[in-house]
Amino acid sequence: MVTMETSMASGIASTYGYSVAGGIPTAEGARIFGYADQTGTCFANGANVLSANRPTSAGGLIHELDAFLEVPPTLTDALTDPDLDTLEILLAAAALVPTLEGLQPLTLFAPDEGAFAALPPGVVDDLQLPQNAATLTTLLQSHAVSASRPSPTLEDGDLLRTLAGTGIAVSDDGSLLLDGVARIGGPDVFLRNG
């Protein structure tokens, strides 16, 4: 696997290969996250890097991309996806959205509505009860990693340390499996902080 390093000189970032921890800040306050997949193909916020590190006469660098970079949404914006309604409710109940939006960087393995529907009846309601606040917080923190880990960078055998202090084991049986039970089902959504 290729490695990525970040060097800052006069505010110019140069990227080579794997993962830019924390992202590169833009003038708008958003961040660009660069990474390479297992084949060595480089990406920036999901766009393919066609050529990189072309110097300019002013001392900067140009990274040619195959798509426009959009300002990534906040976690609050991303949670407006109807497939994340229950997660949004639980994160609000645990008052974790401000905490997660403040982490640099963040990877959130977000259970969708199908995951919540597979739980026994009443579990989601019980988690929102005041006496279960600590359990809810720990459960949600066990889906969050204080690192930028786009799905193409996850490999069989990885162990990701969560905010709850637990680990998420990654396995690959043709598609990525987390802790032997959860598959990554959709494309990565890049947020301002991860």
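The values are calculated or read from the model by the stated rules, or taken from the named source; none is laboratory data. What you see is a predicted model, and the numbers here were worked out from it, not measured in a lab. Heads up, the Cβs are rebuilt from the backbone with ideal geometry, glycines too, and the neighbour counts pull from every protein chain shown. Heavy atoms of the whole protein, side chains included, go into the accessibility calculation; ligands, DNA and RNA do not. Shrake-Rupley method; radii C 1.70, N 1.55, O 1.52, S 1.80 Å.
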Looking across segment 120-135 at residues that are surrounded by 13 or more Cβ atoms within 10 Å (Cβ to Cβ) and among the hydrophobic types (A, V, I, L, M, F, W, C), the single one that is farthest from L163 (Cα to Cα) is V124
Taking T86, is it closer than 30 Å to G122 by Cα, more than 16 Å from the chain's Cα centre (by Cα) and of a type in the set (S, T, N, Q)?
yes
Got a sec? Which of D112, D85 is surrounded by 11 or more Cβ atoms within 10 Å (Cβ to Cβ), farther than 18 Å from L178 by Cβ and of a type in the set (D, E)?
D85
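I want to confirm something. Restricting to segment 47-70 and keeping residues that are in a loop (DSSP other than H, G, I, E, B), open to solvent by 60 Å² or more (accessible area, probe 1.4 Å) and of a type outside the set (A, V, I, L, M, F, W, C), which single residue is farthest from P187 (Cα to Cα)?
Filtering segment 47-70 for residues in a loop (DSSP other than H, G, I, E, B) gives 56-60, 66-70.
Those left that are additionally open to solvent by 60 Å² or more (accessible area, probe 1.4 Å): 57-58, 66, 68-70.
Retained after the next criterion (residues that are of a type outside the set (A, V, I, L, M, F, W, C)): 57, 66, 70.
Working: S57: 37, D66: 17, E70: 16 Å.
Residue satisfying both the conditions and the ranking: S57.
Just checking, does segment 159-167 include any residue being more than 14 Å from F109 (Cα to Cα), out of contact with any Cys (no Cβ under 9 Å at 6 or more places or on another chain) and not hydrophobic (A, V, I, L, M, F, W, C)?
Filtering segment 159-167 for residues more than 14 Å from F109 (Cα to Cα) gives 165.
Narrowing further to those that are out of contact with any Cys (no Cβ under 9 Å at 6 or more places or on another chain): 165.
Now drop any that are not not hydrophobic (A, V, I, L, M, F, W, C), which leaves 165.
Yes: segment 159-167 contains one or more residues that are more than 14 Å from F109 (Cα to Cα), out of contact with any Cys (no Cβ under 9 Å at 6 or more places or on another chain) and not hydrophobic (A, V, I, L, M, F, W, C).
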With criteria (1) open to solvent by less than 50 Å² (accessible area, probe 1.4 Å); (2) touching a residue at least 24 places away in the same chain (Cβ under 8 Å); (3) assigned to a helix (DSSP H, G or I), P73 comes up short on (3)
